[in-house]
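Heads up, the thing below is written out as structure tokens.
The values are calculated or read from the model by the stated rules, or taken from the named source; none is laboratory data. It should be emphasised that the depicted structure is a prediction, and the values quoted were computed from it without experimental measurement. Every residue, glycine among them, receives a Cβ derived from its backbone with ideal geometry; neighbour counts consider all protein chains shown.
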Amino acid sequence: MPPTLLQPTALRRISLPQAARKAWLREALALTFPDPLNLTGWRDFVDASVALAQRHLPADAQEAMAAFFMPEGSDALLFEKLPVDPRLPRPPKDGKRPASKTAVSEAVIAGLIEGRASILSYVNEKSGAPIHEITPVAGSEHTTSSAGRAPFACHTDAAFLAPRFSPRGLLLFGLLNEPSAPTAVLSLDRILAAAPPGLVRSLEKPVFRHPSPSSFEIAAAVTAPIVWRDAAGIFRIAVQTHAVQPVNDEAREAIAQLRALLDTLETERVVLGPGDALMFKNDRVLHGRDAFSGERWLQRAYFTDSLAPLRERTGEPRNAFVFDAAKLL
Ligand SMILES: [Fe+2]
């Protein structure tokens with residue numbers, strides 16, 4: 001049966017063959033995770049990780065990656081059966097990477113991204129770590145954030161930053177998912193196909209207040225559109241649907257309509273188990289999840305096609321990847 005507007009289209013899935021996984025794992029276990037603040041050590045780790053990914057990713061995966069990173073390429077990609085650390089420590093209740101963890105998942109994440117894009121992070125979020133630990137943090141479990149267990153409505157990340165300063169894409173990597181809690185994804189194309197033209201016109205106006213999310217240690221808000229077209233005419237989106245605020249009556253009506261529309265669209269639900277990685281374009285796909293209980297630990301990395309605009313704005317050196325979001329407003 002062909003998909004309808006209310007049904008998700010199938011996500012492209014790529015499963016790593018067992019032999020490639022074993023060989024990649026063996027070599028990744030030999031890497032040591034560096035202090036990311038040591039830019040030379042971090043770069044060495046990234047370069048070694050990219051070499052491993054290029055050596056072990058089969059041709060169909062390489063082709064899918066190339067297509068994903070094309071401006072008009074696919075919006076999301078799911079890798080299955082990637083190498084994962086054979087023995088994991090308990091999920092970190094302080095949200096920080098456990099020092100006892102081996103560096104397999106980080107090598108896979110950096111290897112997948114940095115062959116074609118650049119990891120970025122913000123000093124104001126998770127201490128600037130290039131790879132974020134996404135697991136409930138003691139004291140934050142009830143928050144609507146990556147540190148919580150509460151339901152998290154579909155959103156994009158860092159919607160308060162201008163498009164050239166925000167992550168173009170996200171990679172979520174599964175380490176542990178006892179409750180099989182799914183990650184929900186919803187493509188912008190499906191939203192646009194279901195939205196009345198008047199709603200899209202309203203969403204393109206700069207009449208929405210985007211506050212900084214609770215995962216950031218700065219309180220800021222910018223007024224901007226929710227939907228826009230890039231230089232190539234491709235629609236893009238930035239929104240926290242639960243937190244965006246109107247600046248006028250048209251915006252208030254548009255937010256209500258958008259939330260009602262999202263309630264009618266069935267999201268694609270992806271259970272990220274150990275060794276699964278979901279890559280998607282942050283400005284083309286919304287993501288979220290339901291409430292969950294039990295132990296769940298994902299890792300997340302932001303990436304972008306060019307760090308040059310961020311370095312230029314903040315005055316950070318050529319090899320920097322951590323930026324102060326306060327300087328990007
Ligand atoms: Fe998010």
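What the table shows:
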read-out: Members of segment 106-124 that are over 30 Å from Asp60 (Cα atoms) and buried (at least 22 other Cβ atoms within 10 Å of the Cβ); value: Tyr122
read-out: So Asp263, is it without any contact (Cβ under 8 Å) to a residue 12 or more places away in the chain and closer than 30 Å to Gly174 by Cα; value: yes
read-out: Top-ranked residue in segment 127-146 [being within 12 Å of the ligand (Cβ to nearest atom) and at pLDDT 80 or above; ranked as surrounded by the fewest Cβ atoms within 10 Å (Cβ to Cβ)]; value: His132
read-out: Some residue of segment 33-44 being surrounded by fewer than 18 Cβ atoms within 10 Å (Cβ to Cβ), polar (S, T, N, Q) and not in a helix (DSSP H, G or I); value: yes
read-out: Where a residue in segment 144-164 is free of Cβ contacts under 8 Å to residues at least 40 places away in the same chain and its partner, wherever it lies, is more than 9 Å from the ligand (Cβ to nearest atom) and in a loop (DSSP other than H, G, I, E, B), with Cβ under 7 Å and at least six apart; value: Gly148/Pro136; Gly148/Ser140; Gly148/Glu141; Gly148/His142
read-out: Strands (runs of 3 or more DSSP E) wholly inside segment 134-229 containing at least 1 residues that are over 23 Å from Leu265 (Cβ atoms); value: 169-177, 208-211, 221-224
read-out: Flag for Ala51 being modelled with pLDDT of 95 or more and either under 19 Å from Pro274 (Cβ atoms) or not in a loop (DSSP other than H, G, I, E, B) (or both); value: yes
read-out: Subset of segment 209-238 that is over 23 Å from Tyr122 (Cα atoms) and in contact with a strand residue (DSSP E or B) (Cβ under 8 Å, 6 or more places away or on another chain) - its residue that is surrounded by the most Cβ atoms within 10 Å (Cβ to Cβ); value: Val227
read-out: Filter result for the condition that a residue is under 25 Å from Asp189 (Cβ atoms), among the hydroxyl-bearing types (Ser, Thr, Tyr) and in contact (Cβ under 8 Å) with a residue 60 or more places away in the chain, over Ser74, Ser49; value: Ser74
read-out: Residue among Phe152, Phe173 that alone is of a type in the set (Phe, Trp, Tyr), farther than 19 Å from Ala277 by Cα and either within 16 Å of the ligand (Cβ to nearest atom) or surrounded by 22 or more Cβ atoms within 10 Å (Cβ to Cβ) (or both); value: Phe152
read-out: Qualifying residue in segment 24-39 (condition: free of Cβ contacts under 8 Å to residues at least 24 places away in the same chain and among the hydroxyl-bearing types (Ser, Thr, Tyr)); value: no
read-out: Any hit, segment 286-302, residues being loosely packed, with under 14 Cβ neighbours inside 10 Å and free of Cβ contacts under 8 Å to residues at least 24 places away in the same chain; value: no
read-out: Matching residues, segment 52-67, being surrounded by 12 or more Cβ atoms within 10 Å (Cβ to Cβ) and free of Cβ contacts under 8 Å to residues at least 60 places away in the same chain; value: Leu52, Arg55, His56, Leu57, Pro58, Ala61, Gln62, Glu63, Ala64, Met65, Ala66, Ala67
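This table checks each residue for (1) within 30 Å of Gly139 (Cβ to Cβ); (2) within 16 Å of the ligand (Cβ to nearest atom); (3) of a type in the set (Gly, Ala, Ser); (4) modelled with pLDDT under 95.
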{"site": "Ala194", "(1), (2), (3), (4)": "no, no, yes, no"}
{"site": "Val207", "(1), (2), (3), (4)": "no, no, no, no"}
{"site": "Pro213", "(1), (2), (3), (4)": "yes, yes, no, yes"}
{"site": "Val227", "(1), (2), (3), (4)": "no, no, no, no"}
